[in-house]
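J.: Shown below is the structure under consideration.
The values are calculated or read from the model by the stated rules, or taken from the named source; none is laboratory data. Predicted, not measured: the structure shown is a model, and the values here were computed from it. Neighbour counts run over all protein chains shown; Cβ positions are idealised from the backbone, glycine included. To get the accessible areas, we keep the full protein, side chains included, count just its heavy atoms, and leave off ligands, DNA and RNA. Shrake-Rupley method; radii C 1.70, N 1.55, O 1.52, S 1.80 Å.
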Amino acid sequence: MINAPLDALLKRAAVWRARSVPAGAAASVDRAVPSGWPTLDAILPDGGWPLGTLIELLLPQAGVGELRLLLPALRTLAESRPAEAGRRWLAWIAPPHLPYPPAFAQSGIRPERLLLVTTGSAPERLWATEQALRSGSCVAVLLWLDAVDDRWLRRLKLAAEAGGALAVLFRPVGRERDASPATLRVALEPTAEGLDLWVFKSRGRGPARIRDALSS
Amino acid sequence: MTVASRRARGRKPDPGFTGDLFTPAAAVPAAPASASASGLARARLPMRLPSPRQLWLALELPLLPLVAAAPAHASAGALVIVETEGAARLVSACNAIAARAGIRPGLRLSAAHALAPDLEVREREPLAEARELKRLADWAFGLTSFVSLEPPNRLLLEVQGSLRLFGGAEALLARATAELGAQGHAVALGLAPTARAATWLARASPGTVIASPATLAGSLARLPIAATGWPGEVQEDCARLGVATLGELKRLPREGLARRFEAFVLGDLDEAYGQKAAPRRRHQLPERFRERLELPAELGNTQELAPYCEWLLGKLGEFLRERNSGVARLAFLFQHREGKPTCVLLGRALAAADVEGWRGLLRERLMRVELPAPALALTLRSGAAVPLSGASASLPGFGGREADQEALALLDRLRARLGENAVHGLCLVPEHRPEAAWRAVRPALAVPAGVAGPAMLPELARPLWLLASPEALPVRGGQPRHRGPLVLESGPERIESGWWDGGEVRRDYYVARTAQGARLWIFRERGTRDWFLHGVFG
């Protein structure tokens, strides 16, 4: 067989296949959380939002669908890691508006799980995010910020690796060209029909565009 | 073993028993209830006069529900505090304006509304009342060293030793009345050699003083039965017997009373007349740590000051270990040569005794403190020390496990650096007005079980983002716009509420879609053409 050496090579654990989709969901449960949107899960490594690393979402403005995009994953995280087990909080660092508790309760996320940190200065936002990511008591840490030094982003990525939480940085569009150590970078592009996702950096695969990602 | 079986064995002791352990019970005639048995047994005790060394001051605080639920008396109009009893809503306290309108505690809310149409109504807050009573108990330590809490709304003070200090009973009562008045409280007082008698006096003839045990029985005899606060059926029974005062009740044969009434009737009477001891639980003033340290030299740099701060923390650690207690608040005061001392406050979500945790918070804070002048001396003060075993009981979910400690430590660190007001938890409030349907809370306390019942959730979808305050939308041709024309997707959902507290809203809510594809939650003020943006579905 011509492919035998190749097959043998691919079986080695050190070799990653770019388009590999995990065989069992259980194996990937700690590396990723399903986004809940099939077209998106299909192109994400490990079939969902990666955990314990930095994700960057770029938005033209608040409210284009960024929370609806994340909500299924947040709910899955909140449900699969009960507060009693110590992983208590979904931390919101300097969000543009109030995450409205009744809406979260309607979506199945208890408002008591939300931890809201409101601070104006960028260094304090970054510090608070690092603390929340490192502490291991948050299932998700969401940060809103515009300009940021990529050394800080590296620190956040290290903190995320230490804590294993879902770490999402929201930034305005136009920052695509800034260097970023984020593992996954996605631009949200609202259209009249729905929300398009432009996945322009993803571990092990090229850029991809998903049309009307939230319709399914 | 049940009471009945024990009594059966008491009457016929096992053959193995030699001593007759149960003689009194065996001697009881055919008495139906164990209550009368104990009453009879007591009847044989010798008459004991109350100890002349005790004098009890009862403070009854009828306005406690009002002060607790409306601390500032902010209302300019009539205000009542109501509680629900069965199907009825009854007034439990009211302010002076409501009282002038004829409203009294015990009145039905509907009747109160008839007397004062623009009445402001608030629910009773039992937790706040308990806190207020405790606060007043701390205040009462200014009058005596023995204070006992009698929830819901009474304090008992043993004041025999304080009379000389304050210049006699009358002066003491005047002082208590004046100081409570300054805190917004009305008070009914009674002073008597027994706590029970003082309580009854406060209820039935406020201001009465029975200074000597010799006059106790005579004064009590004139009190009406209602002074006891016994349940209605007991008072009715007394009336049926033709008994109107305590003296008449006391003259009835004891055996008859024991048979007719439950045990507490005789028990209370004995307590009031000083024939039965009634120990009260002493309220403890919380302990606080306080230590001052003179610095060897004037130090202006917080890094140089850190070791001295930590030395004081070590002292605090010893103090807390000895008492098996923790504290939740610390204040470091840096004294300067002149001017006010600089105060650095540290706080934790839960009272804690671990010096290491405090040290970490201190370091975090000291980094960002600038002293206006060098410090000469340093004082460490703590908040109230609370026993550690009880401290975590009020926080379900925070059982003191390691993971919980981590969650608390995160909160403490965030608060130490960003301030108390930068870190919030969120919870639901059962309220129709969207802006009032949530509340920011201290995060550690935001886990009360079952607080977010699905019953209180609105049926229609709510936006994930809510604006801090509604934002006026431009209108063209009667249609609202937001970066272009809006398409109304669903609605209206009519929300009309809050007319009773001045925050009235009359709105029709719609879900609208912008040209860019964002979905907005907008409303029109009813009866106007004004449109507002209130939320974004995000």
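J.: Just one of B:96, B:87, B:101 is surrounded by 14 or more Cβ atoms within 10 Å (Cβ to Cβ) and small (Gly, Ala, Ser); which is it?
T.: It is B:101.
J.: Considering the stretch A:176-196 alone, what residues qualify as being open to solvent by less than 40 Å² (accessible area, probe 1.4 Å), touching a strand residue (DSSP E or B) at 6+ places or on another chain (Cβ under 8 Å) and within 13 Å of chain B (Cβ to nearest Cβ)?
T.: A:188, A:190, A:195, A:196
J.: What are the pairs, 6+ residues apart or on separate chains, where a residue within the stretch B:293-308 that is on the phi < 0 side of the Ramachandran plot has its Cβ under 8 Å from a residue that is open to solvent by 30 Å² or more (accessible area, probe 1.4 Å) and aromatic (Phe, Trp, Tyr)?
T.: B:293/B:308; B:293/B:311; B:295/B:308; B:299/B:308
J.: Kindly indicate whether residue B:523 is over 30 Å from residue B:122 (Cα atoms) and either within 40 Å of the chain's Cα centre (by Cα) or modelled with pLDDT of 85 or more (or both).
T.: no
Per-residue answers, yes or no, for (1) facing chain A (nearest Cβ under 9 Å); (2) at pLDDT 80 or above; (3) open to solvent by 80 Å² or more (accessible area, probe 1.4 Å):
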{"residue": "B:444", "(1), (2), (3)": "no, no, no"}
{"residue": "B:461", "(1), (2), (3)": "yes, yes, no"}
{"residue": "B:482", "(1), (2), (3)": "no, yes, no"}
{"residue": "B:487", "(1), (2), (3)": "no, yes, yes"}
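J.: Give A:90, A:58, A:116 a once-over and let me know the one that is outside any helix (DSSP H, G or I), under 17 Å from the mean Cα position of the chain (by Cα) and within 20 Å of residue B:424 (Cα to Cα).
T.: Among A:90, A:58, A:116, only A:90 is outside any helix (DSSP H, G or I), under 17 Å from the mean Cα position of the chain (by Cα) and within 20 Å of residue B:424 (Cα to Cα).
J.: Taking the condition within 14 Å of another protein chain (Cβ to nearest Cβ) and either at negative phi or not acidic (Asp, Glu) (or both), does residue B:505 pass?
T.: So residue B:505 does not fit the description; no.
J.: Out of the stretch B:324-358, which residues are farther than 17 Å from residue B:420 by Cα, of a type outside the set (A, V, I, L, M, F, W, C) and not in a helix (DSSP H, G or I)?
T.: B:324, B:325, B:326, B:335, B:336, B:337, B:338, B:339, B:340, B:341, B:342, B:354
J.: Within the stretch B:236-273, count every residue that is more than 25 Å from residue B:210 (Cα to Cα), of a type in the set (A, V, I, L, M) and touching a residue at least 24 places away in the same chain (Cβ under 8 Å).
T.: 3
J.: Here is a further query. So which residues in the stretch A:123-175 are of a type in the set (Gly, Ala, Ser), out of contact with any Gly (no Cβ under 7 Å at 6 or more places or on another chain) and open to solvent by 10 Å² or more (accessible area, probe 1.4 Å)?
T.: A:147, A:162, A:174
J.: Could you tell me which numbered condition residue A:95 fails, if it satisfies all but one of (1) open to solvent by 10 Å² or more (accessible area, probe 1.4 Å); (2) facing chain B (nearest Cβ under 7 Å); (3) within 28 Å of residue B:433 (Cβ to Cβ)?
T.: With respect to (1) open to solvent by 10 Å² or more (accessible area, probe 1.4 Å); (2) facing chain B (nearest Cβ under 7 Å); (3) within 28 Å of residue B:433 (Cβ to Cβ), residue A:95 is out only on (2).
J.: Turning to a different aspect of this structure: Is the stretch B:176-187 home to any residue that is surrounded by 17 or more Cβ atoms within 10 Å (Cβ to Cβ) and either closer than 26 Å to residue B:247 by Cβ or outside the structural domain of residue B:57 (by TED's automatic domain parsing) (or both)?
T.: no
J.: Another question, then. Kindly indicate which of B:418, B:457, B:426, B:410 is on the phi < 0 side of the Ramachandran plot and at pLDDT below 80.
T.: Exactly one of B:418, B:457, B:426, B:410 is on the phi < 0 side of the Ramachandran plot and at pLDDT below 80, namely B:457.
J.: Here is a check on your reading of the model: is residue A:103 of a type in the set (Gly, Ala, Ser), facing chain B (nearest Cβ under 9 Å), open to solvent by less than 10 Å² (accessible area, probe 1.4 Å) and part of a helix (DSSP H, G or I)?
T.: yes
J.: Looking only at the stretch B:418-434, filter to residues that are in contact (Cβ under 8 Å) with a residue 24 or more places away in the chain and within 7 Å of chain A (Cβ to nearest Cβ); which one of those is farthest from residue A:135 (Cα to Cα)?
T.: Among those that are in contact (Cβ under 8 Å) with a residue 24 or more places away in the chain and within 7 Å of chain A (Cβ to nearest Cβ), it is B:428.
Matching residues to (1) buried (at least 17 other Cβ atoms within 10 Å of the Cβ); (2) closer than 30 Å to residue B:388 by Cβ:
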| position | (1), (2) |
| --- | --- |
| B:259 | no, no |
| B:277 | no, no |
| B:291 | no, yes |
| B:309 | yes, yes |
| B:330 | yes, yes |
| B:352 | yes, yes |
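J.: Further, regarding this structure: Scan the stretch A:110-143 for residues that are β-branched (Val, Ile, Thr) and either farther than 20 Å from residue A:96 by Cα or facing chain B (nearest Cβ under 9 Å) (or both) and report the count.
T.: Residues flagged as β-branched (Val, Ile, Thr) and either farther than 20 Å from residue A:96 by Cα or facing chain B (nearest Cβ under 9 Å) (or both) within the stretch A:110-143 amount to 4.
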